[in-house]
Amino acid sequence: MSSQQEPSFRESVDIMFSRAVALMDLPPGLEEKIRVCNATYTVRFGVRLRGQVQTFTGYRSVHSEHMEPVKGGIRYSLGVNQDEVEALAALMTYKCSLVEAPFGGSKGGLCIDPREYDEQELELITRRFAYELAKRDLIHPSQNVPAPDMGTGEREMAWMADQYARMNTTDINARACVTGKPINAGGIQGRTEATGRGVQYALQEFFRHPEDMKAAGLTGTLDGKRVIVQGLGNVGYHAAKFLQEEDGCLVTGIIERDGALFNPDGLDVEKIRNWLMKHGGITGYPDATHFEEGGKVMEEDCDILIPAALEGVINMGNADRIKAPLIIEAANGPVTAGADEILQKKGTVIIPDMYANAGGVTVSYFEWVKNLSHIRFGRMQRRQEESRHQLVVDELERLSAEKDLDWQLSPDFKEKYLRGAGELELVRSGLDDTMRTAYQSMRDVWHSRADVPDLRTAAYLVAIGKVAASYRAKGL
Ligand code: GLU
């Protein structure tokens, strides 16, 4: 970017989109059709709280309806505004397209600090917001399916789903109107941690490609890699936890609202999360050095930086001081278009948001399918699979005994082989497959075209290509 002005989040998404379409050969006019947000609904509603009526402002933006329903989270934050919601809705379109979740893109937001309200008040506010959206089919199993985002979780999704069900008492598919619900309200195993799990699977896939690791100047495996996480919310926490517990990563820095914790020998993610939940911040946590100015810790030496909270945290003001050779965007839009250019020049590899955090919507897709099929994944096959495996094990053991062979199946193998896949195993397998396939589609473009400089442009090319194909198939 030539100007020194920091682009807004919305402008950043536009700039990144433009960079990609400049490399494509789209029919005239289609580029603009894909770029623009189809519609954004703004609602202001009042709720009687603490003896007076309080007015709230909410949005639901629909970016592209090339596939329906449209999909995307609802965020509760004071930073919510129309531009932000529209940028996020656009990212949802590209994200769904890239990971082949059959949805258009949408996003919603309510301008509120949820920490200011108790549970009962939040329920009243959420139900009223859901009522306003459902009334206009902006919550609907076949039209528009929200999910959790920053500041919301399964509790809010359960209220929204129930609100929709009350308004549509004969809709047999009512549960599919929202995803990210608790299990006992029609949710699916593995949705809560899905985005963090997706970040882990994305990194595992990246580390399967020596050529890509080389581009970031990294070698070896994930084992022992130093990781700094910005934001220990649902996404950052799960990503950090899985990488630490299962892949041997060393989480050296954690940045939160009230500063950062740093320990070159590794932090205990679980203990810090518990502290954060109990105290509302990380201040006072005993087993690490605390830095008031959290953002500085993003600039520490590490192998992998995971921004997992807000947009725009890596910007033109700090990009040249970021030392991490690999950034994986667990949040939406954490790197501005200006920063992106600076980092690219430095040779930093960025695994882009539309891919890196697509685990959430991928498992949302599974939940939606589960709700529409009215049956839990694995319910029909699990025991049948187990009995077929049992047959093989019995036969092997019979042969062994008959031939008097001196070998045995190890108990560990037997235990693993005999266990049929339940819902959680199937969700993980589907998510892993999605993350691997989508990565490969991006890297194929990245490596096969000399004019594609990075994974983000490649991701946009793949995603926009699929959206364009779907518009063309409709005759547009
Ligand atoms: N809010 C999440 C995202 O930004 C999940 C969306 C969904 O599951 O529909 O991807």
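State whether one or more residues within segment 411-424 are surrounded by fewer than 18 Cβ atoms within 10 Å (Cβ to Cβ), of a type in the set (Phe, Trp, Tyr) and assigned to a helix (DSSP H, G or I).
The answer is yes, given that some residue of segment 411-424 is surrounded by fewer than 18 Cβ atoms within 10 Å (Cβ to Cβ), of a type in the set (Phe, Trp, Tyr) and assigned to a helix (DSSP H, G or I).
Taking segment 58-89 as the search range and keeping residues that are among the acidic types (Asp, Glu) and more than 19 Å from the chain's Cα centre (by Cα), which one is nearest to Ala309 (Cα to Cα)?
Asp83
Looking at Gly253, Gly284, Gly248, can you tell me which residue is touching a residue at least 12 places away in the same chain (Cβ under 8 Å), at positive phi and either of a type in the set (Gly, Ala, Ser) or surrounded by 15 or more Cβ atoms within 10 Å (Cβ to Cβ) (or both)?
Working: Gly253 fails: at positive phi; Gly284 fails: touching a residue at least 12 places away in the same chain (Cβ under 8 Å).
It is Gly248.
List every residue pair whose Cβ atoms sit under 8 Å apart, with the two residues 6 or more apart in sequence or on different chains, where the first one lies in segment 165-178 and is closer than 14 Å to Pro69 by Cα and the second, anywhere, is of a type in the set (A, V, I, L, M) and open to solvent by 50 Å² or more (accessible area, probe 1.4 Å).
Listed by first residue and then by second, the contacts come to Asn173/Leu372; Ala176/Leu372.
From Gly190, Gly198, grab the single residue that is under 26 Å from Ser441 (Cα atoms), crowded, with 23+ Cβ neighbours inside 10 Å, within 15 Å of the ligand (Cβ to nearest atom) and not aromatic (Phe, Trp, Tyr). Step through it out loud before you land on a result.
Values: Gly190 fails: crowded, with 23+ Cβ neighbours inside 10 Å.
On inspection, the qualifying residue turns out to be Gly198.
Being in contact with a helix residue (DSSP H, G or I) (Cβ under 6 Å, 6 or more places away or on another chain) and among the charged types (D, E, K, R) is the filter here, so list the residues in segment 369-385 that pass it.
Passing the criteria: only Arg376.
For (1) in contact (Cβ under 8 Å) with a residue 12 or more places away in the chain; (2) among the hydrophobic types (A, V, I, L, M, F, W, C); (3) in contact with a helix residue (DSSP H, G or I) (Cβ under 7 Å, 6 or more places away or on another chain); (4) buried (at least 17 other Cβ atoms within 10 Å of the Cβ), each residue gets a yes or a no:
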| residue | (1), (2), (3), (4) |
| --- | --- |
| Val85 | yes, yes, no, yes |
| Cys96 | yes, yes, yes, yes |
| Phe103 | yes, yes, yes, yes |
| Leu110 | yes, yes, yes, yes |
| Glu123 | yes, no, yes, yes |
| Phe129 | yes, yes, no, yes |
| Ile139 | yes, yes, yes, yes |
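How about segment 51-71: which of its residues are assigned to a strand (DSSP E or B), touching a residue at least 12 places away in the same chain (Cβ under 8 Å) and either open to solvent by 10 Å² or more (accessible area, probe 1.4 Å) or not basic (Lys, Arg) (or both)?
Phe56, Thr57, Gly58, Tyr59, Ser61, Val62, His63, Ser64, Val70 - these are the residues of segment 51-71 that are assigned to a strand (DSSP E or B), touching a residue at least 12 places away in the same chain (Cβ under 8 Å) and either open to solvent by 10 Å² or more (accessible area, probe 1.4 Å) or not basic (Lys, Arg) (or both).
Give Glu293, Glu311, Glu329 a once-over and let me know the one that is within 16 Å of the ligand (Cβ to nearest atom), acidic (Asp, Glu) and open to solvent by 30 Å² or more (accessible area, probe 1.4 Å).
Only one candidate passes the filter, namely Glu311.
Give just the number: which of (1) surrounded by fewer than 23 Cβ atoms within 10 Å (Cβ to Cβ); (2) closer than 22 Å to Asp212 by Cα; (3) free of Cβ contacts under 8 Å to residues at least 60 places away in the same chain does Gln344 not satisfy?
(3)
Please count how many residues of segment 86-120 are assigned to a helix (DSSP H, G or I) and within 24 Å of Asn168 (Cα to Cα). Show your work before the answer.
Our first condition is that a residue be assigned to a helix (DSSP H, G or I); within segment 86-120, this holds for 86-98, 114-116, 119-120.
From what's left, within 24 Å of Asn168 (Cα to Cα): 120.
Number satisfying all stated conditions: 1.
Scan segment 375-411 for residues that are more than 30 Å from Ile188 (Cβ to Cβ) and polar (S, T, N, Q) and jot them down.
Ser400, Gln408, Ser410
Looking at (1) assigned to a strand (DSSP E or B); (2) modelled with pLDDT under 95, find the lone condition where Asp406 falls short.
All conditions pass for Asp406, except number (1).
For Lys181, which of the numbered conditions (1) free of Cβ contacts under 8 Å to residues at least 24 places away in the same chain; (2) among the basic types (Lys, Arg); (3) within 14 Å of the ligand (Cβ to nearest atom) fails to hold?
Every listed condition holds for Lys181 apart from (1).
Whether any residue in segment 208-228 is open to solvent by less than 20 Å² (accessible area, probe 1.4 Å), within 26 Å of Thr179 (Cα to Cα) and in contact (Cβ under 8 Å) with a residue 60 or more places away in the chain is what I want to check.
At the first step, the residues of segment 208-228 found to be open to solvent by less than 20 Å² (accessible area, probe 1.4 Å) are 212-213, 216, 218, 222, 227-228.
If we keep only those that are within 26 Å of Thr179 (Cα to Cα) too, we end up with none.
Taking every residue of segment 208-228 in turn, none turns out to be open to solvent by less than 20 Å² (accessible area, probe 1.4 Å), within 26 Å of Thr179 (Cα to Cα) and in contact (Cβ under 8 Å) with a residue 60 or more places away in the chain.
Can we say Leu372 is open to solvent by 50 Å² or more (accessible area, probe 1.4 Å), within 16 Å of the ligand (Cβ to nearest atom), out of contact with any Phe, Trp or Tyr (no Cβ under 6 Å at 6 or more places or on another chain) and at pLDDT 95 or above? I'd like the intermediate steps shown before the answer.
Working: open to solvent by 50 Å² or more (accessible area, probe 1.4 Å): yes; within 16 Å of the ligand (Cβ to nearest atom): yes; out of contact with any Phe, Trp or Tyr (no Cβ under 6 Å at 6 or more places or on another chain): yes; at pLDDT 95 or above: yes.
Taking the combined requirement at face value, the residue satisfies it.
The conditions are (1) touching a strand residue (DSSP E or B) at 6+ places or on another chain (Cβ under 6 Å); (2) open to solvent by 30 Å² or more (accessible area, probe 1.4 Å); (3) among the aliphatic types (A, V, I, L, M); (4) in contact (Cβ under 8 Å) with a residue 12 or more places away in the chain, and Leu78 fails exactly one of them. Which is it?
(1)
Is at least one residue of segment 122-131 touching a Gly at 6+ places or on another chain (Cβ under 9 Å), at pLDDT 95 or above, more than 12 Å from the ligand (Cβ to nearest atom) and over 19 Å from Asn332 (Cα atoms)?
Yes, there is a match, as at least one residue in segment 122-131 is touching a Gly at 6+ places or on another chain (Cβ under 9 Å), at pLDDT 95 or above, more than 12 Å from the ligand (Cβ to nearest atom) and over 19 Å from Asn332 (Cα atoms).
So in segment 1-40, with the set limited to residues that are β-branched (Val, Ile, Thr) and not in a loop (DSSP other than H, G, I, E, B), which one is farthest from the chain's Cα centre (by Cα)?
Val21
Select from segment 27-46 the residues that are among the hydrophobic types (A, V, I, L, M, F, W, C) and either within 16 Å of the ligand (Cβ to nearest atom) or surrounded by 17 or more Cβ atoms within 10 Å (Cβ to Cβ) (or both) and write down the one among them that is farthest from Arg155 (Cα to Cα).
Looking at residues that are among the hydrophobic types (A, V, I, L, M, F, W, C) and either within 16 Å of the ligand (Cβ to nearest atom) or surrounded by 17 or more Cβ atoms within 10 Å (Cβ to Cβ) (or both), I get Leu30.
The values are calculated or read from the model by the stated rules, or taken from the named source; none is laboratory data. Note that the coordinates shown come from a computational prediction; the quantities given were computed from them, not determined experimentally. Note: ideal-geometry Cβ built from the backbone for every residue, glycine included; neighbour counts use all protein chains shown. Accessible surface is based on the protein model in full, side chains and every heavy atom, while ligands, DNA and RNA are left aside. Shrake-Rupley method; radii C 1.70, N 1.55, O 1.52, S 1.80 Å.
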